[in-house]
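Trainee: Can you keep this structure in mind? I'll have questions shortly.
The values are calculated or read from the model by the stated rules, or taken from the named source; none is laboratory data. All figures in this text were calculated on a predicted structure; none of them were measured in a lab. All Cβ positions, glycine included, derive from the backbone under ideal geometry; neighbour counts span all protein chains shown. Ligands, DNA and RNA are stripped out before the accessible areas are found, and what is left, the full protein with its side chains, is counted by its heavy atoms. Shrake-Rupley method; radii C 1.70, N 1.55, O 1.52, S 1.80 Å.
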Amino acid sequence: NEHVIRRELRTLPGDKFSRTLAMRSIRQIAQLGHFDAENIDFRPIQNPIDGTVDLKYGLVERANDQIEISGGWGYRMIVGTLGVRFSNFSIGNIFNKAAWRPLPSGDGQTLGLQARSNGKYYQSFNLNFVEPWLGGKKPNSLSVSAYLTKQTNGFKKTDDAYGEMKISG
């Protein structure tokens, strides 16, 4: 979505042109990870009639979601992990059926899901969500995490559930 790009710009309409701020804007956009950093096409377009400069940022989107599949051996059994991370998620469109392609995206939020198990003795499920611009005005982030762990030693079953919320600015 356009607002994800605009909130990273340090060059605003009506401001005096600053090459330093334009370069900082390009770095900020590249650090998002949603665009191909090598193909950012920045062009200042001068208008000699009124003495203004228009700034054009040409961007090429790229996928930056991640999938994790891993396995290991420990305590005479195999432990497996499956996880996904969606880096350009949009929780605001979660109830918008038309936005699901395959998931609602475009707001720069992160959603991560992970499951780890060795069968009947150990299972762990993790969920995390990050909103990098809480409120949309300043880069104050909100991070919410929750997990559920089930573990047995052959005799007794234990369940642990935990959640965490963190706000930083």
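Trainee: So, counting K/R as plus one and D/E as minus one, what does the shell of residues with Cβ under 9 Å around S25 add up to?
Mentor: Working: positive: R10, R24, R27; negative: E8.
Neighbour charge sum, excluding S25 itself: +2.
Trainee: Ok, one more. Pull out the extension gain between W100 and N1, defined as 0.36 nm times the separation in residues minus the alpha carbon to alpha carbon distance; nm, one decimal. All intermediate terms of the calculation are to be shown ahead of the outcome.
Mentor: Details: separation 99, 0.36 × 99 = 35.64 nm, distance 1.45 nm.
So the chain would gain 34.2 nm between W100 and N1.
Trainee: Right, here's the next one. How many Å² of accessible area per residue for the range 1-128, probe 1.4 Å? Mind dumping the intermediate values first?
Mentor: Working: 8950 Å² over 128 residues.
For the range 1-128, the per-residue accessible area is 70 Å².
Trainee: Leaving out same-chain residues fewer than 8 places away, which aspartates and glutamates sit with a Cα under 17 Å from that of K97?
Mentor: D107
Trainee: Quick one: Karplus J couplings for the range 31-40, per residue in order, coefficients 6.51, -1.76, 1.60, θ = phi - 60°, nearest Hz, x for Gly and Pro?
Mentor: Once θ is set to phi - 60°, the couplings for the range 31-40 become 5, 4, x, 8, 10, 6, 5, 6, 10, 6 Hz.
Trainee: Find out how many positive minus negative residues lie around V84, taking Lys and Arg as positive, Asp and Glu as negative, among other residues whose Cβ is under 15 Å from that of V84.
Mentor: On the way: positive: R85, R116; negative: D65, E68.
Surrounding charge for V84 is 0.
Trainee: May I ask you to list the lysines whose Cα is less than 20 Å away from that of K150, ignoring any residue fewer than eight positions away on the same chain?
Mentor: Correct list for K150: K120.
Trainee: Could you tell me the relative contact order of the chain? Use alpha-carbon pairs under 8 Å, at least six residues apart, and round to a whole percent.
Mentor: 12
Trainee: Let me ask something else. What is the list of residues in the range 96-119 whose amide nitrogen lies under 19 Å from a point 7 angstrom out from the Cα of V84, following Cα to Cβ?
Mentor: Taking a point 7 Å out along Cα→Cβ of V84, the residues of the range 96-119 whose backbone N falls under 19 Å are 96-117.
Trainee: Roll a 1.4 angstrom probe over the protein heavy atoms and tell me the percent of accessible area of the range 1-109 that is carbon or sulfur. Walk me through the numbers before you get to the answer.
Mentor: Working: 4260 of 7890 Å².
Whole-percent figure for carbon plus sulfur exposure: 54.
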